[in-house]
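> I have a structure here, written as structure tokens, and I will follow up with some questions on it.
The values are calculated or read from the model by the stated rules, or taken from the named source; none is laboratory data. Quick caveat, the model's predicted, so the values are computed rather than measured. Note that we place each Cβ from the backbone using ideal geometry, even for glycine, and neighbour counts take in every protein chain shown.
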Amino acid sequence: MNSSAINSLYRQEILEHYRHPQNFGKLKKSSFQAYVINELCGDEITLHLLMERGRVKNVKFSGSGCALSIASASLFTERLKGKTWKDLKKIQTAQVTKALGVTIGPGRKKCVLLPLQALKQILDKHGHS
């Protein structure tokens, strides 16, 4: 498969996650939540985490935004389930952008990183080590 066919497949996956995001909504019971907004474009999400015994038992996100921010939050939340606090602290920017499978320009990077920004806010505020 050539690179344009692969990019097309990834674009289709992004659109699918935008139209039918995984883990979209609010948890009835959550341990932590964080709201973040991209001031440049107005994309916004709230990340909701339910932690039990030091692990992510459930996670959801709510909000609105462009296809990239919603798809990124959908993919991001899927990867959080079962993670420990230590695992969560290790998540890096490159892992989030790589998960989308397409090159992200500097102008759109903040959209893609909204869910990570929300997670970092939770980690910073609650200071788990």
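> Scanning for something farther than 19 Å from Asn23 by Cα, touching a Leu at 6+ places or on another chain (Cβ under 6 Å) and modelled with pLDDT under 95, does the stretch 95-113 turn up at least one residue?
yes
> Name the residues in the stretch 36-63 that are farther than 15 Å from Lys110 by Cβ, surrounded by fewer than 23 Cβ atoms within 10 Å (Cβ to Cβ) and either in contact with a strand residue (DSSP E or B) (Cβ under 6 Å, 6 or more places away or on another chain) or not charged (D, E, K, R) (or both), would you?
Within the stretch 36-63, Thr46, Leu50, Met51, Gly54, Arg55, Val56, Lys57, Asn58, Lys60, Ser62 qualify.
> When you scan the stretch 31-46, do you find a residue that is on the phi > 0 side of the Ramachandran plot and out of contact with any Pro (no Cβ under 9 Å at 6 or more places or on another chain), even just one?
If we filter the stretch 31-46 for residues that are on the phi > 0 side of the Ramachandran plot, which is where we start, we get 42.
Those still in the list that are out of contact with any Pro (no Cβ under 9 Å at 6 or more places or on another chain) too: 42.
Yes: the stretch 31-46 contains one or more residues that are on the phi > 0 side of the Ramachandran plot and out of contact with any Pro (no Cβ under 9 Å at 6 or more places or on another chain).
> Here is a follow-up. Would you mind telling me which numbered condition in (1) under 14 Å from Gln117 (Cα atoms); (2) touching a residue at least 12 places away in the same chain (Cβ under 8 Å) Gly54 fails?
(1)
> Kindly state which helices (runs of 4 or more DSSP H) lie completely within the stretch 23-129 and contain at least 3 residues that are under 23 Å from Glu13 (Cβ atoms).
Working: elements: 67-80, 85-90, 93-100, 106-112, 114-126.
The helices (runs of 4 or more DSSP H) meeting that bar are 67-80, 93-100, 106-112, 114-126.
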